[in-house]
Amino acid sequence: MVTADGAVKPCCYALGQLGNLHDATPEEIWNGRAAIELRSFIKTDKIHPICAGAPCKFVQNMQSMALTATGAHDATEPDGSGDGPI
Ligand code: SF4
């Protein structure tokens, strides 16, 4: 998506940006280091810094799985699943 100030983001949830249309073409941004890294991270089930803290299902599920794996999961739901409303 593109914001009013030209920032290119992978989606409306992402807090970071891939580039800015005032500084680069869409092709340069698509083929840029940040976009290539982001696609690679998602393909390998890792959270890219651009997506860190985003309230999307992918990030929330990956963070929940990481907490469960380390035993640090805060089971606030009655079933202990960690599945919140988002
Ligand atoms: S992982 Fe989440 S924040 Fe990142 S691009 Fe996908 S939906 Fe957006």
Residue pairs meeting the criteria (Cβ under 7 Å; at least 6 apart or on separate chains; first closer than 20 Å to P55 by Cβ, in the range 2-15; second among the hydroxyl-bearing types (S, T, Y) and part of a loop (DSSP other than H, G, I, E, B)): K9/T3
Criterion violated by I29 - all others in (1) under 13 Å from L18 (Cα atoms); (2) part of a loop (DSSP other than H, G, I, E, B) satisfied: (2)
Options A4, A14; residue that is within 9 Å of the ligand (Cβ to nearest atom) and part of a loop (DSSP other than H, G, I, E, B): A14
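Please find, among D23, D45, D79, the residue that is modelled with pLDDT of 95 or more, charged (D, E, K, R) and either assigned to a loop (DSSP other than H, G, I, E, B) or touching a Ser or Thr at 6+ places or on another chain (Cβ under 9 Å) (or both). Spell out the reasoning first.
Numbers: D45 fails: modelled with pLDDT of 95 or more; D79 fails: modelled with pLDDT of 95 or more.
Just one listed residue meets the conditions, D23.
The values are calculated or read from the model by the stated rules, or taken from the named source; none is laboratory data. These numbers were taken from a predicted model, which means no experiment stands behind them. Here the Cβ is made from the backbone with ideal geometry for all residues, glycine too, and neighbour counts use every protein chain on show.
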